[in-house]
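The values are calculated or read from the model by the stated rules, or taken from the named source; none is laboratory data. What you see is a predicted model, and the numbers here were worked out from it, not measured in a lab. In this analysis, Cβ positions are derived from the backbone assuming ideal geometry, glycine residues included, and neighbour counts consider all displayed protein chains.
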Protein chains: 4
Amino acid sequence: MAQAPEELGAERTSPAFIFPDLDRFNAFSDGVFAIAITLLVLDIPVPPQSEPLVPALVEQWPDFLGYFMSFAFIGSIWLSHASLTRLMKVGDTVAYGANLVLLLFVGLLPFATSLMVKHLSGPDTGIAVALYGMNVLLASLTLSVLIRYVARNPYLLSEDVANEMLNRVFRKRWISIGVNAVGLGVALIFPLLAVALYLAQTILLIIFPLVALRGYREY
Amino acid sequence: MAQAPEELGAERTSPAFIFPDLDRFNAFSDGVFAIAITLLVLDIPVPPQSEPLVPALVEQWPDFLGYFMSFAFIGSIWLSHASLTRLMKVGDTVAYGANLVLLLFVGLLPFATSLMVKHLSGPDTGIAVALYGMNVLLASLTLSVLIRYVARNPYLLSEDVANEMLNRVFRKRWISIGVNAVGLGVALIFPLLAVALYLAQTILLIIFPLVALRGYREY
Amino acid sequence: MAQAPEELGAERTSPAFIFPDLDRFNAFSDGVFAIAITLLVLDIPVPPQSEPLVPALVEQWPDFLGYFMSFAFIGSIWLSHASLTRLMKVGDTVAYGANLVLLLFVGLLPFATSLMVKHLSGPDTGIAVALYGMNVLLASLTLSVLIRYVARNPYLLSEDVANEMLNRVFRKRWISIGVNAVGLGVALIFPLLAVALYLAQTILLIIFPLVALRGYREY
Amino acid sequence: MAQAPEELGAERTSPAFIFPDLDRFNAFSDGVFAIAITLLVLDIPVPPQSEPLVPALVEQWPDFLGYFMSFAFIGSIWLSHASLTRLMKVGDTVAYGANLVLLLFVGLLPFATSLMVKHLSGPDTGIAVALYGMNVLLASLTLSVLIRYVARNPYLLSEDVANEMLNRVFRKRWISIGVNAVGLGVALIFPLLAVALYLAQTILLIIFPLVALRGYREY
């Protein structure tokens, strides 16, 4: 069994079929992330010529808010996803399956964004915001499950220290998931406060991976 | 022209032009899969403010069912496709052509999904479900043809045992194709039963490649 | 990316900035091809519940014809494009620019398809078919220009014999371009004959690269 | 990916988490660029059968102008982006973050294009053109920030001379940004002149990287 050093990991057994590289895992995921993030723009309507343009655009501020929030959220999920796969060596069918579930929730986000935006005024604002929050929460939880699964299965990892690091990321993610869960409850009573919370959280989610993973270069 | 051992396979003759790698085959396929799966969300309409939100969303359950079913189906086809190309070394024009036909049916699925969903109640439910089933069946059959073609042309494969494995996958796929064909007949008489069958089958299709390919790591 | 003897070609001078690999050239092109081909499905409307489904679908046969024709055409262009870049080693800015022009015409095709399909009956069928034909012709011509440019600049090629082969492909492409140009004239007088011609040609365009490039494995 | 002497750069310290390759950075960016550029076609409506086709198409010249301008602009941004990453070895979180901001503005461009096109006649032409110009300007500025950041952080670069070159590109980009800023002011008074300016600038932006980077092969 003369193997090149990095191949030794292959001896560790896996409970599932292993894909020997992540090329298509990454390409397909990047495709879905990129499309979902770019489809968001289709939900911003162009005001007709009959209305004065500036007031019409100001009035549709929820459309721009929704575009920004969901762009930032999908961007942050993508950033975490890229940080995860950069520590992975191979994928197995469980990781592929969990990833498909993550992408299912990411793919649904343009709908949830449009739902929240179109009901940000009106009688059902609370429910609309809560449904958006639920979509974000489910995507976030699935990503955590994926990170946890990879961290616990070292044959998937490219480096031995990667699992410690992923476990640390996994624990820190509970903060953002907690904020999100609180937001769900708040949404039903004070919808706009929940939106502010999601917005703050989204921006934090972008900064989060930068801070959380910063210690890595010390290895 | 000293060639590395794995290059020797190039000496085996092919009846068609050979592409020496699968980079663009995979990239283009991943693109179409990712776009088709993400376009599905465009078919879920957002209820207007004038209607109470929760009942309106409950009433449009077929939209969510269609999104889930077709997402899972395209996801499972992608998973099988990625499992196939991971066993391939090169592609030839026949494989490229068969792949384009597969992608043609995958690309049509957002239409077929919308057709089924919008006619799930109404006078033509049976025909709409059967047409959806036919689209799924044609995609499934084309994938089987592609798998069979690759299995029979060992110069396309990266490993000698891969063709045995692909033949085993090919035979097991008949189960899902049979279920699908039965669904087509059922659809015309009991459309909702066929939908249940497709749903069950779709979930099986996700689990199927995990089980079917599991034996591989024993080699 | 250990680079060996074939890298000597880098000594040949180029009149333009050279990109040392084709990764992003291919990824961006594959993206545009995949999206344009998948957007075609958005132009097939779903008949409303109020109409009997089968006659309604039969009546919208031009939509399905348009989907098939343009899918096959974009697929064939992609196949030729992948065959071209597989013979290329690097790209320069002229090749990148010509490629952007090609993608501009490919990206316009969903519009031209919809235009032809919606005017296949009505007073302006001839003009609509001719405009579709013009879009196809311009894409085809730009691809020929790109092939010719690459064939004439051997520092772009991965193999010395590739330019002979590309010149042969370039010459054979005149047949399909000629058919297309004839179709343009025919379209204005007998639009449906032109559609039949385009359909025949599209199918030939798929088979064409298989035949044209077949000689390659003899080297 | 045999890694040799140039890997020594990894010893240089970075203030942020480093991604050891640019695969997903490029794939995700290429995806967003390709989708944004291909979505532009969805904003060109097909005239109904009831209107004479040729006059109807002539009347909607702003749609074609918008398609061409934004296709060329996104194409030129992509070309500059590909030229940049070809000089990069790795990415860090700051580069990833700045890139996401760039993609946010690129993703918004189909909306801004549609806004400009639909208001090119009417009372608010000036504001619509200025908003389009602002979107283009913000994308252009973000790209300049990204280029500057990369040029100043040599551990991101693949070659030692690359930062000199990027600094030169950065300085030359001020010309195009200046033209754009002037266009913003002009737009409010002479909107169509600003459109002409943007058109001229867009075409220059395509030719610009070819000229600016030409000196590179002298190294």
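Summary table
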read-out	value
Members of the stretch C:61-79 found to be more than 11 Å from chain B (Cβ to nearest Cβ) and either in contact with a strand residue (DSSP E or B) (Cβ under 8 Å, 6 or more places away or on another chain) or surrounded by fewer than 22 Cβ atoms within 10 Å (Cβ to Cβ) (or both), listed by number	C:61, C:62, C:65
Failed criterion for residue A:104 (all others in (1) over 15 Å from the mean Cα position of the chain (by Cα); (2) crowded, with 20+ Cβ neighbours inside 10 Å; (3) free of Cβ contacts under 8 Å to residues at least 60 places away in the same chain hold)	(1)
Failed item, numbered, when residue A:33 is tested on (1) at pLDDT below 95; (2) crowded, with 20+ Cβ neighbours inside 10 Å; (3) out of contact with any Gly (no Cβ under 6 Å at 6 or more places or on another chain)	(1)
Residue check for residue B:25: in contact with a strand residue (DSSP E or B) (Cβ under 8 Å, 6 or more places away or on another chain), more than 8 Å from chain A (Cβ to nearest Cβ) and at pLDDT 90 or above	yes
Unmet criterion (only one of (1) farther than 24 Å from residue A:204 by Cβ; (2) without any contact (Cβ under 8 Å) to a residue 12 or more places away in the chain; (3) crowded, with 23+ Cβ neighbours inside 10 Å) for residue A:51	(3)
Flag for residue A:115 being assigned to a helix (DSSP H, G or I) and surrounded by fewer than 24 Cβ atoms within 10 Å (Cβ to Cβ)	no
Checking residue A:101 against (1) modelled with pLDDT under 90; (2) closer than 25 Å to residue A:172 by Cβ; (3) more than 14 Å from chain D (Cβ to nearest Cβ), the condition it does not meet	(1)
Residue tally, condition out of contact with any strand residue (DSSP E or B) (no Cβ under 9 Å at 6 or more places or on another chain) and in a helix (DSSP H, G or I), over the stretch D:150-161	2
Residues that are more than 11 Å from chain B (Cβ to nearest Cβ) and crowded, with 22+ Cβ neighbours inside 10 Å, drawn from the stretch C:81-91	C:91
Residues that are of a type in the set (Val, Ile, Thr), more than 17 Å from residue C:81 (Cβ to Cβ) and surrounded by 18 or more Cβ atoms within 10 Å (Cβ to Cβ), drawn from the stretch C:127-178	C:127, C:129
Residues of the stretch B:162-189 that turn out to be within 12 Å of residue B:126 (Cβ to Cβ) and either touching a strand residue (DSSP E or B) at 6+ places or on another chain (Cβ under 7 Å) or touching a residue at least 40 places away in the same chain (Cβ under 8 Å) (or both), as a count	5
Residue tally, condition under 18 Å from residue C:97 (Cβ atoms) and either in contact with a strand residue (DSSP E or B) (Cβ under 7 Å, 6 or more places away or on another chain) or within 11 Å of chain D (Cβ to nearest Cβ) (or both), over the stretch C:116-149	0
Residue in the stretch D:181-209 that is modelled with the highest pLDDT, counting only those that are of a type in the set (Phe, Trp, Tyr) and farther than 17 Å from residue D:64 by Cα	D:190
Selected residue (only one of D:79, D:109, D:87 is under 22 Å from residue A:42 (Cα atoms) and of a type in the set (A, V, I, L, M))	D:109
Long-range neighbours under 7 Å by Cβ, at least six apart or interchain, first residue aromatic (Phe, Trp, Tyr) within the stretch A:126-139, second at pLDDT 95 or above	A:132/A:112; A:132/A:113; A:132/A:115; A:132/A:116
Residue check, residue B:111 closer than 30 Å to residue B:25 by Cβ, within 13 Å of chain A (Cβ to nearest Cβ) and among the aromatic types (Phe, Trp, Tyr)	no
Among residues of the stretch C:104-123, those that are at pLDDT 95 or above and farther than 19 Å from residue C:39 by Cα, counted	1
Per-region count, the stretch C:40-56, residues at the interface with chain B (Cβ under 8 Å from one of its Cβ atoms), more than 15 Å from the chain's Cα centre (by Cα) and closer than 28 Å to residue B:98 by Cβ	3
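Matching residues to (1) assigned to a loop (DSSP other than H, G, I, E, B); (2) of a type in the set (A, V, I, L, M):
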site: C:27; (1), (2): no, yes
site: C:32; (1), (2): no, yes
site: C:45; (1), (2): yes, no
site: C:62; (1), (2): no, no
site: C:68; (1), (2): no, no
site: C:75; (1), (2): no, no
site: C:81; (1), (2): no, no
site: C:84; (1), (2): no, yes
